[in-house]
Amino acid sequence: MAKLEGKVAIVTGATSGMGRASAKLFAQEGAKVVVTGRNEERAKAVVDDIKAEGNEAIYVIADMSNLDDVKKIFDVTMEEYGTVDVLFNNAGMLSMSPLMDLSIEEWNKIFNVNVTSSLVLTQLVAPVMKEKGKGTIVNTCSVASFGAHHGFAAYVDSKHAMAGLTKSIAWELGPEIRCNGIAPGLIHTAMVDSIGGPAALQQMIDQCPVKRCGEPEDIAAVALFLASDDSAFLDGQIIKVDGGFEI
């Protein structure tokens, strides 16, 4: 039996990279997937790919910095499927402003996208999951959740907050709802390409025991594990998926 057979899964930030790979894998494992993102062309392409494999998905166009859009994701999911079993809070935004140059406007936007939208979606889906007696939430944190990096203040701080939110969800919403986080390291995504790609980050690859950049599918596999019953006794944990970079 497929690992998510008959489940409804929301995947935010699902139009590229880790979210796209996870949405496709969740669908292959039997889930009806709600794909979210800002770009309709890319969202439709993900849904078309999923349907071409004989699986089911819809998309919702949403800007995660706009909390009305975040609520729309839940509303459309309930209108279409009437329930939700899995929430993968994956949407994220990078900030490269040094601490002293960081505006409050940028800080607020980063936190809305990286943390607050996840809180809002969790508050919306939790009563549904509680009533069903079961649900799983997976949050994308980062290796930046465990330390500091010069020039990434808002991003680092938001990912520390995401790790804390993951643990708070696990404590307060159990036993019906489990919540765990993924802390990706260097993964080849559009976000990494925006800061020069793997070639510019070769030093990180050299310091990684597996000697390669991660791929979105590496994250998708862990997300599936955390979303499924395979991880039934795992709760409130942040799993580093970084090729051993921060051993």
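Descriptive notes on the structure:
- Of the residues making up segment 56-76, those that are of a type outside the set (A, V, I, L, M) and in a helix (DSSP H, G or I) are 68, 69, 71, 72, 74, 75.
- The set of residues from segment 7-46 being closer than 20 Å to residue 219 by Cβ, in contact with a Phe, Trp or Tyr (Cβ under 6 Å, 6 or more places away or on another chain) and among the β-branched types (Val, Ile, Thr) comprises 11, 33, 35.
- Answer from 52, 43 - the residue that is closer than 24 Å to residue 111 by Cα and out of contact with any helix residue (DSSP H, G or I) (no Cβ under 9 Å at 6 or more places or on another chain): 43
- Figure legend. Inter-residue proximity from segment 201-223: first residues free of Cβ contacts under 8 Å to residues at least 24 places away in the same chain, second residues outside any helix (DSSP H, G or I) and surrounded by 15 or more Cβ atoms within 10 Å (Cβ to Cβ), beta-carbon distance below 7 Å, spacing 6+ or different chains. Indicated pairs: 201/186; 205/186; 205/213.
- Looking only at segment 123-139, and only at residues there that are surrounded by 21 or more Cβ atoms within 10 Å (Cβ to Cβ) and touching a helix residue (DSSP H, G or I) at 6+ places or on another chain (Cβ under 7 Å), the one that is farthest from residue 240 (Cα to Cα): 125
- The listed residues are 69, 85, and the only one of them that is farther than 27 Å from residue 3 by Cα and surrounded by fewer than 22 Cβ atoms within 10 Å (Cβ to Cβ) turns out to be 69.
- Among residues that are over 19 Å from residue 74 (Cβ atoms) and either small (Gly, Ala, Ser) or more than 20 Å from the chain's Cα centre (by Cα) (or both), residue 117 is not included.
- Hey, residue 185 touching a residue at least 60 places away in the same chain (Cβ under 8 Å), under 30 Å from residue 101 (Cα atoms), of a type in the set (Gly, Ala, Ser) and surrounded by 18 or more Cβ atoms within 10 Å (Cβ to Cβ) or not: yes
- Counting only helices (runs of 4 or more DSSP H) that sit completely within segment 166-247, those holding 2 or more residues that are modelled with pLDDT of 95 or more correspond to 216-227.
- Residue in segment 98-117 that is outside any helix (DSSP H, G or I), out of contact with any Lys or Arg (no Cβ under 8 Å at 6 or more places or on another chain) and not polar (S, T, N, Q) present: yes
- One residue stands out in segment 103-146 among those that are at pLDDT below 95 and of a type in the set (A, V, I, L, M, F, W, C): the one that is nearest to residue 181 (Cα to Cα), namely 143.
The values are calculated or read from the model by the stated rules, or taken from the named source; none is laboratory data. In this text, all values refer to a predicted model and were calculated from it rather than measured experimentally. We place every Cβ from the backbone using ideal geometry, glycine too, and count neighbours over all the protein chains shown.
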